[in-house]
Amino acid sequence: MLAEQLAGRRELDVTLSLAGRTVSPARQPVPVRSGGFGGAAGLADYLLRERIDALIDATHPYASRISANALAAAHETNVPFVVLRRPPWIAVAGDHWTDVSDVPEAVRALGQSPRHVFVTLGRNELAPFAGAPQHHYLIRSVDPVDPPLPLPHAAYLTARGPFAEAVDRALMITHGIDVVIAKNSGGNATYGKIAAARSLGIGVIVLRRPPAPDAPSVATVEDAIAWLDHALTSATARGV
């Protein structure tokens with residue numbers, strides 16, 4: 001994780017900004033601020049007020065509004081900016097994927113006949129499932145779904161990744177899952193459900209990623225740190 005790699009760099013003053021949507025975020029090894037900035041203008045004010053030398057957008061690939069605001073604020077303030085984005089998963093032999101654009105389309109893709117559905121989305125994205133009460137749902141989220149959805153057949157699992165393939169495979173077998181709904185998050189932490197679905201011959205309804213910001217990007221934490229070192233060295237050379 002980027003914050004863990006930067007925590008030992010005593011020459012850096014690192015701040016990790018969280019959106020504040022997770023009730024109990026994971027503990028972090030660097031100082032954390034939580035909550036929005038008030039859009040791009042508010043973030044730009046923060047960058048100038050705190051004399052930020054570099055900005056790394058390491059948000060979830062589906063946090064498009066946050067990424068757009070970060071890019072706009074960086075342009076406004078001339079702060080060096082890079083996007084750290086895990087490459088998306090690519091379907092391989094044995095995968096049975098259905099690509100959809102959003103959650104309502106994912107619900108429609110389930111069809112009318114009752115199915116046993118493993119839903120791996122955030123709690124704030126679940127409302128459309130109330131329109132398809134015929135299905136049996138297993139819903140896994142970081143925070144509890146409170147209040148529960150108005151569904152006659154829904155079980156809830158509160159857990160934070162990483163999730164091993166063997167664990168997700170056992171979970172799907174226990175609950176008789178015949179379809180998974182997931183975002184294409186990339187990385188290893190939540191790939192277990194994709195691999196488990198493949199091994200069981202289960203289809204996956206995959207939410208497409210929104211367009212990436214038109215900005216310089218890197219795919220790994222190591223590349224992000226290399227970019228940061230270069231940006232800070234260049235700023236020092238310019239006397240900034």
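Using a Gaussian network model of the chain in which every pair of alpha carbons under 10 angstrom is joined by a spring, one finds that among 87, 144, 31 the greatest mean-square fluctuation is at 31. In this structure, the amide hydrogen of residue 16, modeled 1.01 Å from its nitrogen in the peptide plane, lies closer than 5 angstrom to those of 32, 33, counting only residues at least 5 positions away or on a different chain. Exposure proxy ranking for 102, 146, 95, based on other Cβ atoms within 10 angstrom of each Cβ and starting from the fewest, stands as 146, 102, 95.
Modelled label positions at residue 53 and residue 10, each set 7 Å beyond Cα in the direction of Cβ, lie 1.6 nm from each other. Using only Cα atoms, locate the centre of the stretch 162-240 and the centre of the stretch 57-96, then give the distance between them in Å, rounded to an integer. Computed from Cα coordinates, the inter-centre distance equals 11 Å.
Remark: the stretch 160-165, residue by residue, has Karplus-estimated 3J(HN,Hα) of 10, x, x, 10, 6, 4 Hz, where x stands for each Gly or Pro and the curve is 6.51 cos²θ - 1.76 cosθ + 1.60 at θ = phi - 60°.
Listed from fewest to most Cβ neighbours within 10 Å, the set 172, 1 follows the order 1, 172.
Once the chain from residue 174 to residue 143 is taken as fully extended at 0.36 nm per residue, the excess over their C-alpha distance is 8.9 nm. Among 4, 11, 165, the ranking by other beta carbons within 10 Å of each residue's beta carbon, starting with the fewest, stands as 11, 4, 165.
The convex hull built on the alpha-carbon positions of the stretch 97-207 has an orientation-averaged projected area of 6.1 nm². With contacts taken as Cα pairs under 8 Å and at least 6 residues apart, the chain reaches a relative contact order of 22 percent. Across all directions, the shadow cast by the convex hull of the chain built on its C-alpha atoms averages 14.0 square nanometres. From most to least packed by mean Cβ count within 10 Å, the peptides 64-70, 88-94 give 64-70, 88-94.
Karplus-based coupling profile of the stretch 88-102, in residue order and whole Hz: x, 5, 10, 4, 10, 3, x, 7, 10, 9, 10, 7, 9, 8, 7, with θ = phi - 60° in 6.51 cos²θ - 1.76 cosθ + 1.60 and x standing for Gly or Pro. Scanning residues 5 or more positions from residue 138 or on other chains, those with amide H under 5 Å from its amide H are 117, 118, 119, 155, with H placed 1.01 Å from N in the peptide plane. Remark on residue 205: its backbone amide H falls under 5 Å from those of 98, 180, 181, 182, a criterion applied only to residues 5 or more positions apart or on other chains, H modelled at 1.01 Å from N. Couplings for the stretch 47-63, taken from phi via the Karplus curve 6.51 cos²θ - 1.76 cosθ + 1.60 with θ = phi - 60°, read 4, 6, 5, 8, 6, 6, 8, 7, 10, 10, 8, 10, 6, 4, x, 9, 8 Hz in order; Gly and Pro are left as x.
Read-outs throughout are calculated quantities, based only on the coordinates presented, and are distinct from any laboratory measurement. This structure is a prediction, so every number in the text was calculated from the model and none was measured. No Cβ is skipped: glycine too gets one built from the backbone with ideal geometry, and neighbour counts run over all protein chains shown.
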